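A quick write-up on the structure given underneath.
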4 protein chains.
Amino acid sequence: MLEHTAILTLSCPNRPGIVAAVSTLLFEAGCNILDAQQFDDIETGRFFMRVVFNRLEGGRPHDAIAAAVAELAERFAMAFSLRETARKKRVMLLVSKFDHCLADLIYRWRIGELPMEITGIVSNHARAHIASTDLGDLPFHHLPVTRQTKMEQEAEIWRLIQETRTDLVVLARYMQILSDGFSAKLAGRCINIHHSFLPGFKGAKPYHQAHERGVKLIGATAHYVTPDLDEGPIIEQDVERISHRDTPDDLVRKGRDIERRVLARAVRHHLEDRVVLNGQKTVVFID
Amino acid sequence: MLEHTAILTLSCPNRPGIVAAVSTLLFEAGCNILDAQQFDDIETGRFFMRVVFNRLEGGRPHDAIAAAVAELAERFAMAFSLRETARKKRVMLLVSKFDHCLADLIYRWRIGELPMEITGIVSNHARAHIASTDLGDLPFHHLPVTRQTKMEQEAEIWRLIQETRTDLVVLARYMQILSDGFSAKLAGRCINIHHSFLPGFKGAKPYHQAHERGVKLIGATAHYVTPDLDEGPIIEQDVERISHRDTPDDLVRKGRDIERRVLARAVRHHLEDRVVLNGQKTVVFID
Amino acid sequence: MLEHTAILTLSCPNRPGIVAAVSTLLFEAGCNILDAQQFDDIETGRFFMRVVFNRLEGGRPHDAIAAAVAELAERFAMAFSLRETARKKRVMLLVSKFDHCLADLIYRWRIGELPMEITGIVSNHARAHIASTDLGDLPFHHLPVTRQTKMEQEAEIWRLIQETRTDLVVLARYMQILSDGFSAKLAGRCINIHHSFLPGFKGAKPYHQAHERGVKLIGATAHYVTPDLDEGPIIEQDVERISHRDTPDDLVRKGRDIERRVLARAVRHHLEDRVVLNGQKTVVFID
Amino acid sequence: MLEHTAILTLSCPNRPGIVAAVSTLLFEAGCNILDAQQFDDIETGRFFMRVVFNRLEGGRPHDAIAAAVAELAERFAMAFSLRETARKKRVMLLVSKFDHCLADLIYRWRIGELPMEITGIVSNHARAHIASTDLGDLPFHHLPVTRQTKMEQEAEIWRLIQETRTDLVVLARYMQILSDGFSAKLAGRCINIHHSFLPGFKGAKPYHQAHERGVKLIGATAHYVTPDLDEGPIIEQDVERISHRDTPDDLVRKGRDIERRVLARAVRHHLEDRVVLNGQKTVVFID
C-alpha cells in the first residue's frame, strides 16, 4: 500500500457535477486518484462513489482534505466516510463451537492478507471448545449466555466493543441471535455468515433443509446484521455443486469451504471500504 | 452410440445381492456392461441403479432380456425402465412468448446433440410471436388459453400428447400454470424451467424479486412439474454472478443464458435415462 | 438505452488531474455522467478510462463535445474513442462448418441483446453447410479458399469489409488462419474464439489435446487476432468441469456451450466499448 | 463411517463378466456393496472400478475376502488395492516458506475432515519460518538443501518415509524439485500442488506469467509427481476469475485460496482411494 493513501466513499442524491467536484477538489489539494468507481442507482436516484487517492509531495495535509470533503458533503447532501488506509479497522470476532471461519480469518490476518486489528474474540463457549484454532495472544472472552442472561451478556459485549474501540463485529458462526436493540446498535458494522444461499433456507439447520429439498447447489451468504433475522443487506454469496450422494454431513463439510471464503471476502470488502449501504441492499465496489 | 445398446434404470428396497443379480443376468444373456452407477439412499433404505449395456454377438435378443429383467424386478420389488437407445424419446415443447429456451433446444436437436424426436410445439401465442426461432417443418399448434378455456386447452394438449405418443413434455418458458389434474397426468415426464434458484424467489417475476433483495448471484432451476407449483423434484440448477449495477433487465438477459443451459442439461439427462425419482428428490447419474 | 447517450474511452500516460479534466469538461458541456470506470496500470504508468454520459436538455451538441474531447486528448496525449450509442457498430461474421457460435450470435442479435448491425456472413464453405442456422435475409458470401487462393480470398473479404463499412470482424469458429498482413489490417477489431483455455492447448484440435493430457476443466478463449497465432490480447475466458468419462466428442459438445457464451460476452464487451487495449493485454470495464 | 467397511479399487483389461464376478464374490462372502463406480476406457480397452462394501454379520473375515480378491485379480489380470477404512493412510507433509496449504491440511485433519495419520512435517526452512501455522505436537524435520546436499537431503526424507511407514507424501508448496530417482520411488503416492492451471504456465512464477499474458482466470493443479516436471497425472484443478486490476500480488493472494482447496480435494480423493492411475491420466471416482 502506498504512503498517505486514503479512501473516500460517499452516497448522495444524483445530480450533474458530482464527479467533477470531487475530482477537482482532490486535484487542487495535491492528490492523485489511484482508483475510482461509481454507481448511479436509477431507481432511487442515488449516486455512490469510492475514490482511492494519495497525497503527492506538497499536497495538503489529511485534515485539510477532510475539512474540504466535509464542506463538499454538505453542499451535495452526501453521506461519506474518509479513512487513511494506515489506520486499520478494529475487529471483534464472535464464535460459538464451529471455528472454521474463525481459524480462517485469523490465519489470513496472520499472513497479512486482511488489513485489520483484532480487538478480541468472544464466545459463548469456553476456550477449550475452540481447540483446533491457535488463538495466540488474542484476548479471549468467554461470555456464556442463556435466555435469562442474554441482556447482560450483550451489555458485556457492548462494553468490550466500546472499550476496545471496535469498528466491526464479525459473527464467525456465532450461533446466537442478537437482540433487536443490539442489532440496531451495530447497524452497518456487524457481518454475519449464514450457511445457505439466501433467501433460500432461512433459519436453523439450512444444510438439512437443503438436503431435504434436493437442491443441486448449496451456498453461503455474508450479510450485515439487522433486527430482521437473515434479511440484512447481502455483501457476498457463493455456491458449490452437490449431488444426491451427499448426506447432510457432506453438505456441512462442503459448506465449511463456502462459508469461510464468502465470509473472508465480505470482511475484506468491508475492511477496504468497498461496501456502501443502499437501503436494504449493498453497493460493493469489487477489485 | 454403439449398436444394440440399452439402458436399464431401477430402484428398489436395498438388500445385499442386487448388483450381483443384475450383472450376472446381463453377463449370462451375452451382454457387456458399458457403464454402471448406483446409489444407496441410507435414509430411505432405497437402492438406485443405472446400467448401460450392449449385446455382444450371439447375445440374447432384447425381448428375452426384457423378460428376464421383469422377472428379476418382481423378485426385488424393483421399479425399472429398460430402453434400447435406438428408440429415441418423443418430446413436445411448450412455449409462450420468450423463445430462447425453445430456440436452444431446437438447435441442439438439429445438430444431433439431443437424442429425441420432436413431436410438436405448442404455444398459447400465435406462431408470429416466435419470430426469432426457425421452427422449420416442426408441427406448430397455437392453443390460446384464458381462465375460462383452460380445461379445454389442456384437454387438447393432452390429446396431442397421446396422438403423437409423446414421452416427455418440456415447458420451455411456458408461462401458464398447469392444472393439478394435468400435472398429475404428466408426473415424472414434464420438465419446467423456473427462472430462479429455487427455493428462493418462487412465483412470478423472480428476477425482479432477486433485484429487490440484492442477491449477488442469480440462478435457474429445472424440475419435474407437480401440482405444488415450483416444488417439484429438482433435476438441475445453476447460477451466475451479478452485481449492484445490474438492472432487472440485465438480470433477465443474464438469466436467459442460465435458463437455457440448465434446461438443456436437464432434458439431456432425462433423454438419456439419467434421472430417477426419489420421492420429492431426484437421483441424477451424471456423465 | 437513454437518448443522446455516448461512450468515451481513453488511455494516456497517468498524471494527476485527468479525471478532474474529463469530468469538468463533460459537466460544463451540459452532460451527466451515467457510469465511469478507470484503471491505473502501475507497471506501465498508463491510465485507462471509460465514461458513459448523456446530454441534458440545453447541453452542447455531440460535435462540440467531440471537438472539446479531441482538444483534451491532445493535451494529455490520449488515445480515445467517442461514440454515440445510437450508432451501432457494424459487424461481419466469418464461419466455417461449425455454426453454433454463429447461430448464437444471430439469435442474440435478433432478440435485441447485441447492439450491432450485421453487415454480412462470410464462409469458406457453401451456404448449404450452415444448415442448422436460420440466416434470414443476411447477406451470405461463399468465399472458398485454398493455399493457392488465400491471398485473393482475403483481398475479397477486405473489399467486403470496406464496402460495408464493417467495424468489427468476428471469427465465429472460422477455421482458417488469417495471413499476417490481413491480421495487421484488422488489429484491435477482429475477435477470434479459440476452443481452449489459452495459453494451454494452442493450435489444432485443442479438445483432443486436453483429453490426451487429462485435464479436469476445459475452456475457451476470446481474443483479438494478431499475427502471432493464439497469442492475441485475451478479452474473455471461461471453463467447465469435465471428468475421465468424457471422450473427445463429449469435450467438443461441452466446449460448444463454453465457446458460444465466451464469444458472445467478448463481442458484447467490444460492442459496448468496454475493451481497451493495453499492449498485449486488455482492460475490460465489466458491467 | 460404518464398521468393517473396506474399499476395493481395481483396473484390468476390459471383458464381459467383471462386474458380475466382483459383485458375486462380495455377495457370497457376506458383504453388502455400499457404493460402486466403474469406468470403461474405450480408447485403451481398460476397465476401472471402485467398490465400497461392508461385511454383514456372519460375513467372512477381511483376510479371507482379500485372498478371494487376489485370486480373482489373477484371473482377470487386475491391478488392485483393498483397504479397510479403519486403517487410515499415513501422510507426510513437505513445505517451504508459504504455509497456507500446510495450515489448511492440518486444520482439516484436526477437525476430522481428512482421514489420515500425519507422520511428520518436513521443510527445507527452519520451524520459525512456519510461524502462522500451529504445528502442535507433530514431528517437524528441518532438512535444509543446497544443490550440493540434495542427494543426502532426499535420502534423509526417504529414510523418514520408510521409518514412519508413510503411504503418501504431499508437497504442500514445497518449492524444491525432486530428483528423478526420488520421484520414481514415490510414483503414484506423492501429490504436488502447482500454482497454475496446467498445462498453462509451467515452471517458476506462474502467477507472474499469468499476469504477463493477461488471462482472465487463474488456477491451480494438484497432480502426482513424476520425473517430468509439471507433467504428472492431474488429480484436480480449479480456477477463479481475475481482472486487469489484479497485480501479481493480488494473483498470489487469490491463488492461495485456489491452491489450498484444490490440494485438499486431491488429498481427500487419494485418502479415500478414489484416484486410479490410467497411464498419464487419472480416473477419479468423485463422491
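The values are calculated or read from the model by the stated rules, or taken from the named source; none is laboratory data. This is a predicted model, so every value here is computed, not measured. Virtual Cβ from ideal backbone geometry, glycine too; neighbours counted across all protein chains shown. Just so you know, the surface numbers come from the protein's heavy atoms only, side chains and all, with ligands and any DNA or RNA stripped out. Shrake-Rupley method; radii C 1.70, N 1.55, O 1.52, S 1.80 Å.
The table that follows gives values for the structure above.
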| item | result |
| --- | --- |
| Unmet requirement for A:HIS244, which otherwise passes all of (1) more than 8 Å from chain B (Cβ to nearest Cβ); (2) in a loop (DSSP other than H, G, I, E, B) | (1) |
| Selection count where residues are open to solvent by 50 Å² or more (accessible area, probe 1.4 Å) and touching a Pro at 6+ places or on another chain (Cβ under 7 Å), scope segment C:1-48 | 2 |
| Residues being farther than 16 Å from B:ARG268 by Cβ, out of contact with any Lys or Arg (no Cβ under 7 Å at 6 or more places or on another chain) and more than 9 Å from chain C (Cβ to nearest Cβ) - total across segment B:95-109 | 1 |
| Considering residues of segment A:1-15 that are in contact with a Gly (Cβ under 8 Å, 6 or more places away or on another chain) and not in a strand (DSSP E or B) only, the residue farthest from the other protein chains (Cβ to nearest Cβ) | A:HIS4 |
| One residue from B:VAL239, B:VAL284, B:VAL267 being open to solvent by less than 30 Å² (accessible area, probe 1.4 Å), out of contact with any Gly (no Cβ under 6 Å at 6 or more places or on another chain) and within 14 Å of chain A (Cβ to nearest Cβ) | B:VAL284 |
| Subset tally (residues that are among the charged types (D, E, K, R) and within 12 Å of chain A (Cβ to nearest Cβ)) for segment D:110-140 | 3 |
| Only listed residue being over 16 Å from C:ILE193 (Cβ atoms), open to solvent by less than 60 Å² (accessible area, probe 1.4 Å), within 19 Å of the chain's Cα centre (by Cα) and not assigned by TED's automatic domain parsing to the domain that holds C:TRP158, chosen from C:ALA79, C:ALA73 | C:ALA79 |
| So C:VAL252, is it touching a residue at least 40 places away in the same chain (Cβ under 8 Å), more than 8 Å from chain D (Cβ to nearest Cβ) and under 30 Å from C:ALA155 (Cα atoms) | no |
| Options B:PHE39, B:PHE27: the member that is over 30 Å from B:TRP158 (Cα atoms), within 21 Å of the chain's Cα centre (by Cα) and either among the hydrophobic types (A, V, I, L, M, F, W, C) or outside the structural domain of B:ILE258 (by TED's automatic domain parsing) (or both) | B:PHE39 |
| Enumeration of residues in segment C:173-183 that are part of a loop (DSSP other than H, G, I, E, B) and open to solvent by less than 50 Å² (accessible area, probe 1.4 Å) | C:ARG173, C:TYR174, C:LEU178, C:SER179 |
| Residue within segment B:152-170 that is within 14 Å of chain C (Cβ to nearest Cβ), aliphatic (A, V, I, L, M) and either over 16 Å from B:LEU186 (Cβ atoms) or open to solvent by 40 Å² or more (accessible area, probe 1.4 Å) (or both) present | no |
| D:GLU57 over 24 Å from D:VAL170 (Cβ atoms), within 13 Å of chain B (Cβ to nearest Cβ), surrounded by fewer than 13 Cβ atoms within 10 Å (Cβ to Cβ) and modelled with pLDDT under 95 | yes |
| Any hit, segment D:222-232, residues being open to solvent by less than 40 Å² (accessible area, probe 1.4 Å), more than 18 Å from the chain's Cα centre (by Cα) and at pLDDT 95 or above | no |
| Among residues of segment B:114-148, those that are of a type in the set (Ser, Thr, Tyr) and in contact with a Ser or Thr (Cβ under 7 Å, 6 or more places away or on another chain), counted | 2 |
| Residue selected from segment A:23-43 under the condition assigned to a loop (DSSP other than H, G, I, E, B) and under 23 Å from A:ILE65 (Cα atoms), by the criterion farthest from the other protein chains (Cβ to nearest Cβ) | A:ALA29 |
| Pick from segment C:148-170, criterion polar (S, T, N, Q) and within 21 Å of C:CYS101 (Cβ to Cβ), ranking: nearest to the chain's Cα centre (by Cα) | C:THR166 |
| In segment C:184-213, residue nearest to C:ARG274 (Cα to Cα) [restricted to those that are open to solvent by less than 10 Å² (accessible area, probe 1.4 Å) and assigned to a loop (DSSP other than H, G, I, E, B)] | C:LEU186 |
| A:ALA103 being under 22 Å from D:CYS101 (Cα atoms) and at pLDDT below 95 | no |
| Residue within segment B:152-172 that is of a type in the set (S, T, N, Q), at pLDDT below 95 and part of a loop (DSSP other than H, G, I, E, B) present | no |
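Listed here are the residues, each with its yes/no results for (1) small (Gly, Ala, Ser); (2) open to solvent by less than 10 Å² (accessible area, probe 1.4 Å).
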{"position": "B:HIS62", "(1), (2)": "no, no"}
{"position": "B:ALA68", "(1), (2)": "yes, no"}
{"position": "B:VAL95", "(1), (2)": "no, yes"}
{"position": "B:ILE118", "(1), (2)": "no, no"}
{"position": "B:ALA128", "(1), (2)": "yes, no"}
{"position": "B:GLY136", "(1), (2)": "yes, no"}
{"position": "B:PHE140", "(1), (2)": "no, no"}
{"position": "B:PRO144", "(1), (2)": "no, no"}
{"position": "B:ARG147", "(1), (2)": "no, no"}
